[in-house]
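Have a look at the structure below before the remarks.
The values are calculated or read from the model by the stated rules, or taken from the named source; none is laboratory data. Worth saying up front: this structure is predicted, and the values here are computed from it rather than measured. Because the Cβ atoms are built from the backbone with ideal geometry, glycine has one as well, and the counts that use them run over all protein chains shown.
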Amino acid sequence: MCQQITDQGVKHLNEGLKTLTHLHTINLNLSNCDQITDQGLNSLSQAFKTLFSLNNIHLNFYQCQELTDQGMKNLNEGLKNLTSLHSIYISFSFCKKITQTDKDTFRQNLDRITSLQKITLY
């Protein structure tokens, strides 16, 4: 289990990401991080807002039990302006507070990013 990474840790990571304007790929595995909450996703969303160029995103939140639909909404808000995004993979599998309806809404919002060629959402 990923017991030592918290929202504060994600916030520190995002402070580093905010200094970047161009990044080809981000691959972040936070699976089983039971201390990551919607606040952590909000921090990540803020970092995405500063990137002018990001082609690929791979985010794994498998079994992050504290994430909810609000965190997904926050994340979507940060992703919507990434006009160079080509592919996205996000796993919310076994996140008990996220429903299939929440995932469907998240995907519909991703469909509005016209540059996306591949969306994988679990």
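Collect the residues in the range 105-116 that are surrounded by 11 or more Cβ atoms within 10 Å (Cβ to Cβ) and of a type outside the set (Ser, Thr, Tyr), keeping them in residue-number order. Walk me through how you get there before you give the answer.
Going residue by residue through the range 105-116, those that are surrounded by 11 or more Cβ atoms within 10 Å (Cβ to Cβ) are 105-107, 109-110, 113, 115-116.
Of everything in the range 105-116, those that are surrounded by 11 or more Cβ atoms within 10 Å (Cβ to Cβ) and of a type outside the set (Ser, Thr, Tyr) turn out to be 106, 107, 109, 110, 113, 116.
How many residues are on the phi > 0 side of the Ramachandran plot and touching a Gly at 6+ places or on another chain (Cβ under 9 Å) if we restrict to the range 46-81?
0
Before we move on, is residue 14 surrounded by 17 or more Cβ atoms within 10 Å (Cβ to Cβ) and either within 14 Å of the chain's Cα centre (by Cα) or not in a strand (DSSP E or B) (or both)?
Numbers: surrounded by 17 or more Cβ atoms within 10 Å (Cβ to Cβ): yes; either within 14 Å of the chain's Cα centre (by Cα) or not in a strand (DSSP E or B) (or both): yes.
Judged against the criteria, residue 14 is a match.
Looking at 84, 93, 31 in this structure, which one is in contact (Cβ under 8 Å) with a residue 60 or more places away in the chain and more than 17 Å from residue 11 (Cβ to Cβ)?
31
Can you say whether residue 65 is out of contact with any Ser or Thr (no Cβ under 8 Å at 6 or more places or on another chain) and over 19 Å from residue 93 (Cβ atoms), as far as the supplied structure shows?
No, not satisfied.
Exactly one of (1) at pLDDT 90 or above; (2) over 14 Å from residue 95 (Cβ atoms); (3) crowded, with 16+ Cβ neighbours inside 10 Å; (4) hydrophobic (A, V, I, L, M, F, W, C) is unmet by residue 47. Its number?
Condition (1) is where residue 47 drops out.
Spot the failing condition for residue 62; the list is (1) aromatic (Phe, Trp, Tyr); (2) more than 13 Å from the chain's Cα centre (by Cα); (3) over 21 Å from residue 112 (Cβ atoms), and only one is missed.
Against the list (1) aromatic (Phe, Trp, Tyr); (2) more than 13 Å from the chain's Cα centre (by Cα); (3) over 21 Å from residue 112 (Cβ atoms), residue 62 comes up short only on (2).
So residue 58 passes all but one of these: (1) in contact with a Phe, Trp or Tyr (Cβ under 6 Å, 6 or more places away or on another chain); (2) surrounded by 16 or more Cβ atoms within 10 Å (Cβ to Cβ); (3) outside any loop (DSSP other than H, G, I, E, B). Which condition number does it fail?
The number of the failed condition is (2).
Being in a helix (DSSP H, G or I) and among the polar types (S, T, N, Q) is the filter here, so list the residues in the range 82-112 that pass it.
The initial filter retains those residues of the range 82-112 that are in a helix (DSSP H, G or I), namely 100-110.
Within the range 82-112, 100, 101, 105, 108, 109 qualify.
Restricting to the range 61-81, name every residue that is among the polar types (S, T, N, Q), surrounded by 15 or more Cβ atoms within 10 Å (Cβ to Cβ) and part of a loop (DSSP other than H, G, I, E, B).
Those that are among the polar types (S, T, N, Q), surrounded by 15 or more Cβ atoms within 10 Å (Cβ to Cβ) and part of a loop (DSSP other than H, G, I, E, B): 63, 65, 68.
Answer yes or no as to whether residue 20 is out of contact with any Cys (no Cβ under 9 Å at 6 or more places or on another chain), part of a loop (DSSP other than H, G, I, E, B) and touching a residue at least 12 places away in the same chain (Cβ under 8 Å).
On the way: out of contact with any Cys (no Cβ under 9 Å at 6 or more places or on another chain): yes; part of a loop (DSSP other than H, G, I, E, B): yes; touching a residue at least 12 places away in the same chain (Cβ under 8 Å): yes.
Yes; evaluated as a whole, the condition is true for this residue.
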